[in-house]
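Enquirer: One structure coming up, written as structure tokens, with questions to follow.
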Amino acid sequence: MLHNASLRSFRVWQRDLDVYLTNWRTEFLPPLSEPVLYVFAFGFGLGSLIHNVHYQGRELSYLRFMAPGIVAVAIMFWSYFETTYSSFVRMYYQRTFDAILATPLLVEDVILGELLWGATKAVIASTIMLCMLALLGLVTWPSALWVIPLSGIAGVLFSALGLVVTSVTRNISSFNLPMFLMIMPMFMFSGTFFPVSILPKWALAIAWCLPLTHVSHLVRAAVLGWPRGPLLAASVLYVVLLAAVLSALALKLMKRRLIQ
């Protein structure tokens, strides 16, 4: 499948970057404002009721626990939505993929370009949010810098997941189904807003099967400056392997969709 892949996929990535920079004012606003809204709503609002959280044998304020969770959520949302709704619009309504395929670029270049751009959106969003949280005194340096490469790998994972969904979606309203069956449960139960250790055993086992749980675990370790733990290596391995498997599946299914 990858034998036709080439550096020409960066031309597709460059096209998406040019469009992003054209609309940079509206594109930059959500990652700038989201962490502030989350911190005030959940950190200062809900946090004033919860106070401290017991996490990995330590006590910390709910605000410091919750802050890395919103970065993990941003990684998932920005990469997944880019390769579902946005890619579908480019493929179906704008016919951008058809125009690209009229050039010497191949189907694999288009798919890899979309995958790379989805991951790039995750890196951009997480970096901006990290800076905003740093201004609020919620980030530990230099360990927080690990969030940037992590967001790239996790961005590939969720971008590939989005392309898999896009490959089997016939109309844009059908995206609502995986949104409510897959994305929203991960948003709610992956340790972003509360420690998964408080869940019942059966729910805890399910939570650790969700990719966002591992991404949240890794982002929190980096942001809090707790880069050690028995599950960190397993979470890294899980994210890397799942990103590779989903990328291969996305290439296969999207190629079938585009040549139909």
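Enquirer: Hey, could you check region 214-246 for residues that are surrounded by fewer than 23 Cβ atoms within 10 Å (Cβ to Cβ) and either among the polar types (S, T, N, Q) or not in a helix (DSSP H, G or I) (or both) and say which is modelled with the highest pLDDT?
Expert: 235
Enquirer: For region 71-115, give me each residue that is farther than 22 Å from residue 259 by Cβ and of a type in the set (Val, Ile, Thr).
Expert: Within region 71-115, 71, 73, 75 qualify.
Enquirer: Enumerate the pairs (first residue in region 67-78 and under 20 Å from residue 45 (Cα atoms); second residue anywhere and of a type in the set (Ser, Thr, Tyr)) with beta-carbon separation below 6 Å, excluding pairs fewer than 6 apart on the same chain, so at least 6 apart or on different chains.
Expert: Hits for this filter: 69/192; 69/216; 70/38; 71/126; 73/192.
Enquirer: Here is a further query. From the set of residues in region 50-69 that are of a type in the set (Gly, Ala, Ser) and part of a helix (DSSP H, G or I), which is nearest to residue 212 (Cα to Cα)?
Expert: For region 50-69, the residue satisfying everything is 69.
Enquirer: Just give me the residues in region 197-213 being within 15 Å of the chain's Cα centre (by Cα) and either outside any helix (DSSP H, G or I) or under 24 Å from residue 50 (Cβ atoms) (or both), in sequence order.
Expert: 210, 212, 213
Enquirer: Among the numbered conditions (1) closer than 19 Å to residue 68 by Cβ; (2) at pLDDT 90 or above; (3) in contact with a helix residue (DSSP H, G or I) (Cβ under 6 Å, 6 or more places away or on another chain), tell me where residue 124 comes up short.
Expert: Against the list (1) closer than 19 Å to residue 68 by Cβ; (2) at pLDDT 90 or above; (3) in contact with a helix residue (DSSP H, G or I) (Cβ under 6 Å, 6 or more places away or on another chain), residue 124 comes up short only on (3).
Enquirer: Can you pull out the residues in region 176-200 that are surrounded by fewer than 18 Cβ atoms within 10 Å (Cβ to Cβ) and over 23 Å from residue 60 (Cβ atoms)?
Expert: 176, 177, 179, 180, 181, 182, 184, 185, 200
Enquirer: Residue 136: hydrophobic (A, V, I, L, M, F, W, C), open to solvent by less than 40 Å² (accessible area, probe 1.4 Å) and either in contact with a strand residue (DSSP E or B) (Cβ under 7 Å, 6 or more places away or on another chain) or over 14 Å from residue 192 (Cβ atoms) (or both), yes or no?
Expert: Against the criterion (hydrophobic (A, V, I, L, M, F, W, C), open to solvent by less than 40 Å² (accessible area, probe 1.4 Å) and either in contact with a strand residue (DSSP E or B) (Cβ under 7 Å, 6 or more places away or on another chain) or over 14 Å from residue 192 (Cβ atoms) (or both)), residue 136 does not qualify.
The values are calculated or read from the model by the stated rules, or taken from the named source; none is laboratory data. It should be emphasised that the depicted structure is a prediction, and the values quoted were computed from it without experimental measurement. Quick reminder, even Gly has a Cβ in these numbers, built from the backbone with ideal geometry, and neighbours come from all protein chains shown. When the accessible area is computed, the model is the full protein with side chains, heavy atoms only, and any ligands, DNA or RNA have been set aside. Shrake-Rupley method; radii C 1.70, N 1.55, O 1.52, S 1.80 Å.
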